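Heads up: the structure comes next, in structure tokens.
The values are calculated or read from the model by the stated rules, or taken from the named source; none is laboratory data. Treat the numbers as computed from the prediction; the structure is a model and nothing was measured. Virtual Cβ from ideal backbone geometry, glycine too; neighbours counted across all protein chains shown. To get the accessible areas, we keep the full protein, side chains included, count just its heavy atoms, and leave off ligands, DNA and RNA. Shrake-Rupley method; radii C 1.70, N 1.55, O 1.52, S 1.80 Å.
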Amino acid sequence: MENLEKGLQFGANNGLLRLRLAEAYHAISRDAHARKQIDQLFTLTPHPDYLPEQKEALEKAKLLLGKLGS
């Protein structure tokens, strides 16, 4: 988890990184933190070279949102 959080310093626009961090937060019942990462993921403007990865991250984030507590 700590490495993922540190990764945001260098990859704040990395959708897959934000997704993995949200999944890690969810795994330890920090759903509010997970939701924050997902919210930020939905607002990212991806680099054109990484559109397929961004699309994958968004699809998986939508699934994760369904698992998060209210």
(Q) Quick test for you: out of K67, K62, pick the one residue that is modelled with pLDDT of 95 or more, surrounded by fewer than 18 Cβ atoms within 10 Å (Cβ to Cβ) and of a type outside the set (S, T, Y). (A) K62
Q.
Going through E23, E56 one at a time, which residue ends up being modelled with pLDDT of 95 or more, surrounded by 13 or more Cβ atoms within 10 Å (Cβ to Cβ) and within 17 Å of E2 (Cα to Cα)?
A. E23
Q | Scope region 41-53; condition in a loop (DSSP other than H, G, I, E, B) and open to solvent by 50 Å² or more (accessible area, probe 1.4 Å); matching residues | A | T45, H47
Q: Evaluate the following for I38: is it hydrophobic (A, V, I, L, M, F, W, C), touching a residue at least 24 places away in the same chain (Cβ under 8 Å) and open to solvent by 80 Å² or more (accessible area, probe 1.4 Å)?
A: no
